[in-house]
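First up is the structure itself, then whatever we jot down about it.
The values are calculated or read from the model by the stated rules, or taken from the named source; none is laboratory data. Given the structure is predicted, the values throughout are model-derived calculations rather than measurements. For neighbour counting, all protein chains shown are included, and Cβ atoms are generated from backbone atoms with ideal geometry for every residue, glycine included. The protein model used for the area step is the full one, side chains on, heavy atoms only, and it has no ligands, DNA or RNA in it. Shrake-Rupley method; radii C 1.70, N 1.55, O 1.52, S 1.80 Å.
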Amino acid sequence: MTGVRDGRVERAYDECEALTREQAANFYYGIRLLSRERRRAMCAAYAFSRQVDDIGDGDLGAPEKLARLAERERALEAVAEGAASAAAGELGGDGVIVALADACERFPIPVSAFAELVEGVRMDVHGVEYEQFDELVLYCRRVAGTIGRICLAIFALRTTAAEGAASEAASLADDLGVALQLTNILRDVREDAENGRVYLPREDLRRFGLLAGDDDLGSRESQQALAGELTRSLVTVDPQSVEGLVRFEASRAREWFTRGGQLAPLLDRRSAACLLAMAGIYRRLLDRIEAQPVEAMRGRTSLPAREKAWVAVRGMLGAGL
């Protein structure tokens with residue numbers, strides 16, 4: 001039975017790695033620098049996170065989305081309770097859960113962080129609105145800060161790290177996750193608005209003239225109305241307003257990158273290289289958005305593969321590999 005179980009786990013990891021290569025190029029450029037065992041654990045973590053995100057971004061109605069998120073929470077309970085052997089037997093049809101369960105046996109991955117991610121996506125389903133930046137930060141911590149903490153559990157700290165470094169590293173990983181999510185939000189403003197979602201704080205949109213008035217939102221319908229207004233504003237408003245908004249938000253994201261980047265010296269060389277590559281790709285993306293803010297609001301900004309590879313190499317050099 002051990003051979004059968006091991007084969008099932010191997011296939012589950014292969015499934016997760018293929019999904020990560022296909023769907024998360026920015027992420028994969030970094031994690032490919034890790035050892036095989038750590039890379040596979042990262043792919044399992046990504047694959048589960050992708051399942052959760054796809055539920056929130058899908059075309060199902062809100063009740064069905066909430067039901068599926070609840071099912072993912074139950075799967076997490078099985079991971080927390082039964083580890084890989086139980087998951088392989090009881091959830092053998094779900095390769096992602098089988099791989100994640102095995103990864104959680106090998107590394108101190110906080111399953112509770114995945115539950116926070118589910119809660120963050122549940123915020124999307126409910127159409128939570130953000131009046132102020134602090135409210136948006138809570139969302140970013142749930143959907144991305146959690147990923148930072150999960151990655152940290154798979155990374156390795158330097159053997160020379162000072163006492164208390166683990167606690168500091170967790171806080172910095174959370175900060176870096178917020179930086180990455182703020183960059184994602186800026187990259188996807190137009191796309192999200194066309195899909196009925198607005199993440200940028202309303203006080204910022206009003207400040208730069210992209211939102212009129214002080215409407216009391218509070219319903220899915222009003223969220224759609226806000227998204228429609230933002231979509232129109234991105235086309236009709238003075239380009240200087242768009243530039244001001246983008247540069248204001250980019251400056252905020254840089255502050256979070258600066259704090260989160262302090263994590264790298266606490267990690268061993270391969271883990272640091274992975275982090276520097278991933279963070280570097282997103283910082284380059286932020287640079288491009290800030291340099292061409294009006295164009296960025298017309299469609300999704302991306303980096304060519306050669307530029308991502310160059311950033312990954314810089315990450316390796318920066319980590320002393």
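Net charge within 15 Å of E37 by Cβ-Cβ distance, Lys/Arg positive one each and Asp/Glu negative one each, not counting E37 itself? Here the charged neighbours net out to 0.
Once both labels are positioned 7 Å from their Cα atoms along Cα-to-Cβ, the gap between V111 and D6 label points is 2.5 nm. Helices assigned as whole DSSP H runs in the chain whose Cα atoms extend at least 15 Å along their own long axis and whose mean Kyte-Doolittle hydropathy is -0.5 or higher are found at 62-90, 95-106, 111-126, 165-187, 220-236, 269-291, 305-318. With 0.36 nm allotted per residue and the present C-alpha distance subtracted, the M123-E37 stretch has 27.7 nm of extension available. Ordered from longest to shortest, the equivalent ellipsoid semi-axes for the chain are 34, 25, 17 Å, each the square root of 5 times a Cα gyration tensor eigenvalue. Mean residue ellipticity at 222 nm, helices only, the chain: -24500 deg cm²/dmol; runs of at least 4 DSSP H residues each add -39,500 (n - 2.57), and the sum is divided by the number of residues.
Per residue, the chain exposes 45 Å² of accessible surface when a 1.4 Å probe is rolled over the protein heavy atoms with every protein chain present.
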